[in-house]
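*Asks:* I'd like to ask some things about the structure below.
The values are calculated or read from the model by the stated rules, or taken from the named source; none is laboratory data. For clarity, every value in this text was computed on a predicted model and none was experimentally measured. For neighbour counting, all protein chains shown are included, and Cβ atoms are generated from backbone atoms with ideal geometry for every residue, glycine included. For accessibility, only protein heavy atoms count, side chains too; no ligands or nucleic acids. Shrake-Rupley method; radii C 1.70, N 1.55, O 1.52, S 1.80 Å.
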Amino acid sequence: MLRIENTLFTIVMLIYFAAMILYFLFIAVKRDRLAEIAVWLQAAGLILHTAALICRGIGAGRLPLTNQYEFATCFAWGLCLVSLLFVVRFRFPVLGAFAAPLIFLVIGYAAMQSREVHELMPSLRSNWLGFHVSTAIIAYGSFGVSFVLSVIFLLRDKMKAQGFMDRHIPDREMLDLISYRSVSLGLLFLTFTILTGAIWAERAWGSYWSWDPKETWSLVTWIIYAVYLHLRIRRSWEGRSAAVFAAIGFICVLFTYIGVNTFLPGIHSYV
Amino acid sequence: MHFAIFLLILLAAACAAGSLVTQGQTYMWYAQRYSERTAALIIALHLDDAFHSWWFILITAFLCLNLLLCNVLRAPQLIRRSRRWGGPPVPDPAPSYDASAVCASEEEARGLLGRLGMRNIRESGSGEKILYACKNRAGLWGAWVCHLGILFLIAGYSLGQMNMQQYTVYGVPGETREIGDSGYMLHIDDFRTDYNEDGSVRQYTSDITVWPGSDPESAASATVSVNAPAGLFGMKYYQNSTGWAGSIHILKDGAPLMDAVICAGDMIRVPGKEDLVIILNVFYPDYQAVPGSAPVTLSNEVRNPAWLYSAYYQERLLGMNVLMGDEPLTIDEYTITFTDPRNYTLIQVKRDPFTLLALIGGVIAMAGLLLAFYVQPARAWASETGDGSWQVFGNCPKGGALFRKRFAAAAEKQTE
Ligand code: HEM
C-alpha cells in the first residue's frame, strides 16, 4: 500500500505541476480553454491525491495525520480542495492560477519530509486527533485561498489595466465577498481545530490550554482573522486593510505550522 | 469597534511576545541565553511569565469589558431588529433593499418569494395589500452569540486558573499516597506498559483506588491511561508520565534498618541519622559507560541495571557514583543496596469545575460563528403597483452581489 502511495504521490505532484503550467499559460496566452483544462487537471490531481492518502491510511493502519510529511501532504490536499471549490463556485480560474504555485510549494515541502511510517506515541492515540488535524487541514486550505485572494485584491488595479484580466477578475465588492467566504470558512474550522485540540490536550496532558507555542500561535492566527472580520464590517477601509490582515493571517498560519516547530519547540514538536 | 480592533491587535502582539520568550526561567537563565540587559528587561516586563502578567490580564479584562458592553448594548437593538424583520415592512423609514423586480401578478410575486427560499409568506391586513416574508432571522444573532461564547470561554478559563486544585501523585504498584492536601488517598493497584511490535510504547495504564482519608469504606477504583482520564470524587485523574523506581534496603551493622521504594529523583533520609541523605539520581536499565561523558542506557529493558546515586552528609556531598545491579554501598556502619527496578506511574489529579464553562463557551462561540457565516438573514416583500403588477423587494445585508445575482436569477425564471 505504501508503495502505491509513493507512486501516486509522484503522479499527483506532476499533475499539480502541469496544472500550474496550464494556468500560467492561460494568463500568458489569454486562452480560456487552457483554464478549463487546468481546472480538470487539478480535479484529477485531487482525486488521485485522495487515493494516495487513503492508501497511506490503509498502509499505516491509522489516519495519515500525524507527522510532518502527512500533515504537509494533507495541507496541499486541503488547499487544492478549497481552491478548486472556490474556482468552480465563483467561476474564477485566475484564483486557480494564483493558488497553483502555493499548492505546488506545499506538496514540494511534503516531498522533502521523511515518509517513514512510525508507531504512534500514546498521546497521539486519540480520536480527537483525527478531528483536530482534519479540521486544521480545511482551515489552512481556506486561509491559503484567502491569502491568494488578498494578493489578487492588492494587485488588482495593476492587473486590471489589461482587458483580459478585467474580464476574469471580479470587481472589488465581489472579490471582498469571496475573500470573506474563504476567511469565514477558515475561521470556523480553525475554531473547531482549537476546540478539539483543547479537548484532546485535556485528555492527553491534563490541561486544555498550556500556552504552548503552537497553541499560542493558533490563537494569534485566530485573533488576526477576527481583526479581519471587524475591519471588514467598518466600511471605510475599502478592503485594503482587511486584505492585508488576511495576508498576515496566512503568514501566521505558516509560522504556526513550520516556524513554531523550527524556532519554538514545545509539546507539539512532533507535528 | 476601533478600540476592540486595537485591543485584539494588542492581544495578538502580547501572545506573540509571550511565545517568543521561553517562559518560566530565571534571570540567570535569560542572562546566559541572551544578555544581562535583555534578561533584566524580560524580568522587568514580566515576559518570563507573560500569560499571567498584569498587562496581559489587563488587556484581556479590557477586551472582556468591551465585549460585554457591546453585547449588552446591542441586545435590545437586535431584539427590535429581529421583530422588525418578522413583521411587515414599515413605510417609515422605508426598509432598504438590495434588489427588486416587477412581477405581473400576485401569484408571480408569491412564486418569486418562494424561489428566494421564503417559506412562510404573510399578508399585511391593513391598507394596501403587502406580501412579506423573511428567513434565517437567527443569523442576525451570529456575532452576538459568538461574543457571548467568547465571554463564557474566558470566564471559564480565568475562574479555572484561580480555583483549580492540581496535584501529582507517583509511586509503584502496591503503594498508597496522599493526594496533596485534598484529604484523599490514592492506592496504585497496578501499572502496565504495552508495547508495539517495534518495541515503542503503545500505552501506559494505571489501576487506581481512591478514598477520602476519613472514610476508607467509600473507596472507588478506576483505570487511567494516556488519553483516557478517569473521574472519581469530583476529581479527574490523568496518566501523566512514568519513570524508574527501585527498592532501597539500608542495613545498620548488618541488621535491617529500612526497606522502602525510591523513585528516580527521590531522596531518602537514613533513619536515626537524618543528616545522611541518599538520592537516587538516575536508573539505567541497560547501562553503558561513555568515556568522557555521561553514561547512557542502550534500551529500556532491564539487561544491565545500574543506579546513579549521590550521598550527602550535613548537606555536604559525600560521593556520587554508579552501583551496578545489587552492588552495595557502604557508608560507615550503613550498607545500602538498590534492587528490584520497576516503573513508577505518575498520576496527575485535578479539580477544575470551570472546564465545563470554558467548553460551553467554546461551543457557543462556534455556534455563533456558524450563525454569523452560514445563516444569512434575508427578507423580501411585495406590494401592488397602480397598474396591477407587483413590485418585489429583497434585502440581504450579508449577501451582497451574490444575493443580487440570486434574486435576479429567481426573477428571470418568472419572466420565462
Ligand atoms: C473587544 C472585543 C470585541 C468587540 C467589542 C466586538 C464587536 C463586534 C461588533 C460591534 C460586531 C458587529 C456586529 C454585527 O454586525 O452584528 C462584531 C462582529 C463580529 N465579531 Fe466581534 N467583537 C469583539 C471580539 C471578537 C472576537 C474575539 C471574535 C472572534 C472570532 C469576534 C467575532 C465576530 C464575528 C464572527 C462577527 C460577525 C462578523 C460578520 O458577520 O461578518 N469578535 N464584533
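*Asks:* If B:TRP85 meets every condition in (1) modelled with pLDDT of 90 or more; (2) within 16 Å of the ligand (Cβ to nearest atom) apart from one, which number is that one?
*Replies:* (1)
*Asks:* Please work out which residue is nearest to the other protein chains (Cβ to nearest Cβ), limiting yourself to region A:244-261 and to residues that are within 15 Å of the ligand (Cβ to nearest atom) and in contact (Cβ under 8 Å) with a residue 60 or more places away in the chain.
*Replies:* Per the stated criteria, the residue is A:GLY249.
*Asks:* Report the residue count in region A:198-216 for those that are assigned to a helix (DSSP H, G or I), in contact with a helix residue (DSSP H, G or I) (Cβ under 6 Å, 6 or more places away or on another chain) and away from the ligand (no atom under 16 Å from the Cβ).
*Replies:* 5
Rundown of residues vs (1) in the same structural domain as B:LEU308 (by TED's automatic domain parsing); (2) at positive phi; (3) at pLDDT 95 or above, yes/no style:
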{"residue": "B:PRO173", "(1), (2), (3)": "no, no, no"}
{"residue": "B:GLU178", "(1), (2), (3)": "no, no, no"}
{"residue": "B:ASP181", "(1), (2), (3)": "no, no, no"}
{"residue": "B:SER218", "(1), (2), (3)": "no, no, no"}
{"residue": "B:GLY234", "(1), (2), (3)": "no, yes, no"}
{"residue": "B:TYR237", "(1), (2), (3)": "no, no, yes"}
{"residue": "B:ASP253", "(1), (2), (3)": "yes, yes, no"}
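*Asks:* Please name all residue pairs, on different chains or six or more residues apart, with Cβ atoms under 9 Å, provided the first residue is in region B:78-98 and is touching a residue at least 12 places away in the same chain (Cβ under 8 Å) and the second residue is acidic (Asp, Glu) and open to solvent by 80 Å² or more (accessible area, probe 1.4 Å).
*Replies:* Close Cβ pairs satisfying both conditions: B:PRO88/B:GLU123.
*Asks:* Condition first: among the charged types (D, E, K, R) and either within 16 Å of the ligand (Cβ to nearest atom) or at pLDDT 95 or above (or both). Now tell me which residues in region A:146-197 satisfy that.
*Replies:* Answer for region A:146-197, where residues must be among the charged types (D, E, K, R) and either within 16 Å of the ligand (Cβ to nearest atom) or at pLDDT 95 or above (or both): A:GLU173, A:ASP176, A:ARG181.
*Asks:* Can you tell me which of (1) in the same structural domain as B:ARG404 (by TED's automatic domain parsing); (2) within 16 Å of the ligand (Cβ to nearest atom); (3) in contact with a helix residue (DSSP H, G or I) (Cβ under 6 Å, 6 or more places away or on another chain) is the one B:SER96 doesn't meet?
*Replies:* (3)
*Asks:* Please find, among B:ILE250, B:ILE268, the residue that is in contact (Cβ under 8 Å) with a residue 40 or more places away in the chain and surrounded by 15 or more Cβ atoms within 10 Å (Cβ to Cβ).
*Replies:* Only one candidate passes the filter, namely B:ILE250.
*Asks:* A further question on this structure: Would you point out which residue out of A:TYR180, A:TYR228 is out of contact with any strand residue (DSSP E or B) (no Cβ under 6 Å at 6 or more places or on another chain), more than 8 Å from chain B (Cβ to nearest Cβ), closer than 17 Å to A:SER83 by Cβ and assigned to a helix (DSSP H, G or I)?
*Replies:* The conditions single out A:TYR180.
*Asks:* On to the next question. Please go through region B:128-157 and pick out each residue that is in a helix (DSSP H, G or I) and either over 19 Å from the mean Cα position of the chain (by Cα) or free of Cβ contacts under 8 Å to residues at least 12 places away in the same chain (or both). Spell out the reasoning first.
*Replies:* Taking region B:128-157 first, the residues in a helix (DSSP H, G or I) are B:137-157.
Within region B:128-157, B:ARG137, B:ALA138, B:GLY139, B:LEU140, B:TRP141, B:GLY142, B:ALA143, B:TRP144, B:VAL145 qualify.
*Asks:* Please enumerate the residues belonging to region B:104-118 that are surrounded by 14 or more Cβ atoms within 10 Å (Cβ to Cβ) and of a type in the set (A, V, I, L, M, F, W, C).
*Replies:* Listed by number, the residues that qualify are B:ALA109, B:LEU112, B:LEU113, B:LEU116, B:MET118.
*Asks:* What about B:SER221, is it outside any strand (DSSP E or B) and away from every other protein chain (no Cβ under 14 Å)?
*Replies:* In short, no.
*Asks:* I need every pair where a residue in region B:57-72 that is within 12 Å of chain A (Cβ to nearest Cβ) and more than 14 Å from B:HIS2 (Cα to Cα) has its Cβ under 9 Å from the Cβ of a residue that is open to solvent by 30 Å² or more (accessible area, probe 1.4 Å) and more than 8 Å from the ligand (Cβ to nearest atom), sequence separation at least 6 or different chains.
*Replies:* B:ILE59/B:LEU10; B:THR60/B:ILE154; B:THR60/B:SER158
*Asks:* For region A:1-29, give me the residue count where each residue is open to solvent by 60 Å² or more (accessible area, probe 1.4 Å) and among the β-branched types (Val, Ile, Thr).
*Replies:* Adding up the residues that qualify gives 6.
*Asks:* Related question: Which one of B:ASN240, B:ASN227, B:ASN196 is open to solvent by less than 50 Å² (accessible area, probe 1.4 Å), touching a helix residue (DSSP H, G or I) at 6+ places or on another chain (Cβ under 8 Å) and of a type outside the set (Asp, Glu)?
*Replies:* B:ASN227
*Asks:* If you scan region B:22-73, which residues turn out to be within 16 Å of the ligand (Cβ to nearest atom) and among the aromatic types (Phe, Trp, Tyr)?
*Replies:* Passing the criteria: B:PHE56, B:PHE62.
*Asks:* Counting just the residues of region B:158-177 that are outside any helix (DSSP H, G or I) and either among the charged types (D, E, K, R) or within 16 Å of the ligand (Cβ to nearest atom) (or both), which one comes out farthest from the other protein chains (Cβ to nearest Cβ)?
*Replies:* Narrowing region B:158-177 to residues outside any helix (DSSP H, G or I): B:164-177.
Still in the running and either among the charged types (D, E, K, R) or within 16 Å of the ligand (Cβ to nearest atom) (or both): B:175, B:177.
Working: B:GLU175: 21, B:ARG177: 17 Å.
Here the answer is B:GLU175.
*Asks:* Restricting attention to region B:1-49, and to residues there that are more than 9 Å from every other protein chain (Cβ to nearest Cβ) and not in a helix (DSSP H, G or I), which single residue is nearest to A:VAL260 (Cα to Cα)? Even if it seems obvious, please write down each step before you answer.
*Replies:* Of the residues in region B:1-49, the ones more than 9 Å from every other protein chain (Cβ to nearest Cβ) are B:3, B:6-7, B:10, B:14, B:17, B:21, B:24-49.
Narrowing further to those that are not in a helix (DSSP H, G or I): B:21, B:24-26, B:34-35, B:45-46.
Details: B:VAL21: 12, B:GLY24: 18, B:GLN25: 19, B:THR26: 23, B:TYR34: 19, B:SER35: 23, B:LEU45: 23, B:HIS46: 22 Å.
Across region B:1-49, the extreme among qualifying residues is B:VAL21.
*Asks:* Tell me, please, whether a residue that is aliphatic (A, V, I, L, M), buried (at least 20 other Cβ atoms within 10 Å of the Cβ), more than 16 Å from the ligand (Cβ to nearest atom) and within 30 Å of B:ILE121 (Cβ to Cβ) can be found in region B:346-367.
*Replies:* Filtering region B:346-367 for residues aliphatic (A, V, I, L, M) gives B:346-347, B:349, B:356-360, B:363-367.
Of the ones still in play, those that are also buried (at least 20 other Cβ atoms within 10 Å of the Cβ) are B:347, B:349, B:358, B:365.
Next cut, more than 16 Å from the ligand (Cβ to nearest atom) only: B:347, B:349.
Remaining after also requiring within 30 Å of B:ILE121 (Cβ to Cβ): none.
No, region B:346-367 has no match at all.
*Asks:* Right, another one. Quickly run through region B:2-39 and pick out the residues that are among the aliphatic types (A, V, I, L, M) and open to solvent by 50 Å² or more (accessible area, probe 1.4 Å).
*Replies:* Within region B:2-39, B:ILE9, B:LEU10, B:ALA13, B:LEU20, B:MET28 meet the criteria.
*Asks:* Still on this structure, please answer the following. Within region A:112-141, track down each residue that is of a type in the set (Asp, Glu) and surrounded by fewer than 17 Cβ atoms within 10 Å (Cβ to Cβ).
*Replies:* Selection gives A:GLU116 alone.
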